[in-house]
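Let me begin by presenting the structure, written as structure tokens, before commenting on it.
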Amino acid sequence: MKNKPELAQKLADKTAVIGIIGLGYVGLPLAIAFAKSGYKVLGFDTQSKKANLVNKGQSYIDDISSKELVAVSPKRLQATADMERLNEPDVICICVPTPLSKSREPDLSHVIHASKDIAKCLQKGQLVILESTTYPGTTKEVVLPALEKSGLKAGRDFYLAYSPERVDPGNKKYGIKNTPKVVGGIEKASTELAVLLYSQVADTVIPVSSMAVAEMTKIFENTFRHVNIALVNEIAQLCEKMGISVWEVIDTASTKPFGYMPFYPGPGVGGHCIPLDPSYLASKAKEYDFSTRFIELAGEINTRMPHYVTSRIMEALDSRGKALKGAKVLVLGVAYKKDVADTRESPALKLTQLLDAKGAIIKYNDPYIPSITLGKNVLKSVELNEENMSRADCTVIGTAHTSYNINKIVKASKLVFDCRGVTRGISGNNIVRLGE
Ligand code: SAJ
């Protein structure tokens, strides 16, 4: 590749312009990180509303404050919905969603649209990097052909790499700077340039031998979580039958200083990654006549958890002479995990919907989620006060936001069903826990 030195030089002296397609929970923090490190950044999003908010310095991402945005926008970071400007950046990072379709198959439509938009403006010497979580082979089999429709050739006329995002929403400890960044290029120059780029924002950059290794690394990380959460959800159900506390077992296993990593049971698995990404791998494996039984089984176990918890709540009420139908149930926390304002695939929300469908009279509180839809009704988050807790026949801790005062909740509630193990250490015959 003849013009590698030119792009390498522009990356080193920060005169390169960085393009980010997809200004969501992955793209916007990355755009800000590159802008903070001294690059001019051009953000692209098909939703002009997001582009306008970025240009006005108004953040719509939980983990990004408007203050952080204003510090770089509009001087260093600008955003646009005009995809025809994709000829301007020297580097383009694709950070678009990779959801599942209605039939739970990989939906690469966002990746394909982004690749086609780039192909229309692709310039010689540009570096294109896919960051979205996907199955091994996507960059080579889907992105590359779409880009080469431009008539330019990957590895000869333009650079191509895959570098998975490793954003953990709500994680205050790990961010772009201190999370190692994995990079795999289609050939040596692409890998080296991507390493040079990410070295400006991440303390550690890890080059690997191919784009497929980088793709498999990321999807394996998420599948690892998916399978281990399912394992602990299964163990929780067995512990309940055996009259053993799964929480005490996990806390005790955690004393082992090596060879063990704690995962915790819950009402199921939510978010836009863990419940979905492993299906990308399972689907690709079928092309190799290979069935990923662990992934399928884990999916079944995790998907069943909201139903299992519903039956446990029904039993807990029943043993107190109360039918679930007509019972007043107060659900605390409907976000997919604690301290995030996101209900995508949320198991706590699914649990609430199941309780509602069984005839429970639902109220909920979630400081991050102002309203939810239950069937045809829209419910607003109620105040977490004595009145609402004492009036409920059962208070369900669905997602244990840090702001919840568990002692107060237990004291004020007739019955607490704890899906998250946060009442451990608190005694009371009004507490029933998942996994006990
Ligand atoms: N959960 C459990 N038990 C556990 C851990 C999680 O029930 O022991 C549940 C959570 O409540 C939540 C779901 O699983 O509903 C997913 O939680 P998560 O924190 O594993 O996943 P995300 O999607 O919020 O963030 C993840 C990253 N999380 C961590 O590494 C801790 C990581 O898996 C990915 O980097 C990231 O998504 C991504 O974008 O892929």
Residues V111, V96, V143: which one is within 16 Å of the ligand (Cβ to nearest atom), among the β-branched types (V, I, T) and part of a helix (DSSP H, G or I)?
V111
Sole miss for D168 among (1) assigned to a helix (DSSP H, G or I); (2) surrounded by fewer than 18 Cβ atoms within 10 Å (Cβ to Cβ) is condition (1)
Would you mind stating whether K102 is at pLDDT below 95, more than 16 Å from the ligand (Cβ to nearest atom), part of a loop (DSSP other than H, G, I, E, B) and within 30 Å of D13 (Cβ to Cβ)?
no
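Checking the structure you have, find out if any residue of the stretch 380-389 is within 16 Å of the ligand (Cβ to nearest atom) and not hydroxyl-bearing (S, T, Y). Break it down stepwise before answering.
The first filter runs over the stretch 380-389 and keeps only residues within 16 Å of the ligand (Cβ to nearest atom), leaving none.
Within the stretch 380-389, not a single residue is within 16 Å of the ligand (Cβ to nearest atom) and not hydroxyl-bearing (S, T, Y).
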Can you list the strands (runs of 3 or more DSSP E) lying wholly within the stretch 338-433 that have 2 or more residues being closer than 19 Å to W247 by Cα?
394-397, 416-418, 431-433
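Of a type in the set (S, T, Y), part of a loop (DSSP other than H, G, I, E, B) and not assigned by TED's automatic domain parsing to the domain that holds P180: which single residue out of Y260, Y280 fits that description? Walk me through it before giving the result.
Numbers: Y280 fails: part of a loop (DSSP other than H, G, I, E, B).
Residue meeting the stated conditions: Y260.
Among the candidates T255, T303, single out the residue that is closer than 18 Å to L349 by Cβ and more than 11 Å from the ligand (Cβ to nearest atom).
Only one candidate qualifies: T303.
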I'd like to know if the stretch 315-329 contains one or more residues that are in the same structural domain as C419 (by TED's automatic domain parsing), buried (at least 22 other Cβ atoms within 10 Å of the Cβ), in contact (Cβ under 8 Å) with a residue 12 or more places away in the chain and farther than 21 Å from Q237 by Cβ.
yes
Go through (1) touching a strand residue (DSSP E or B) at 6+ places or on another chain (Cβ under 8 Å); (2) basic (K, R); (3) more than 16 Å from the ligand (Cβ to nearest atom) one by one and return the number of the condition K188 breaks.
(1)
Reported set for the stretch 265-313 where residues are touching a residue at least 24 places away in the same chain (Cβ under 8 Å) and at positive phi is G268, G271
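The values are calculated or read from the model by the stated rules, or taken from the named source; none is laboratory data. Model, not experiment: these values are computed from the prediction. So basically every Cβ, Gly included, is an ideal-geometry build from the backbone, and we count neighbours across all protein chains shown.
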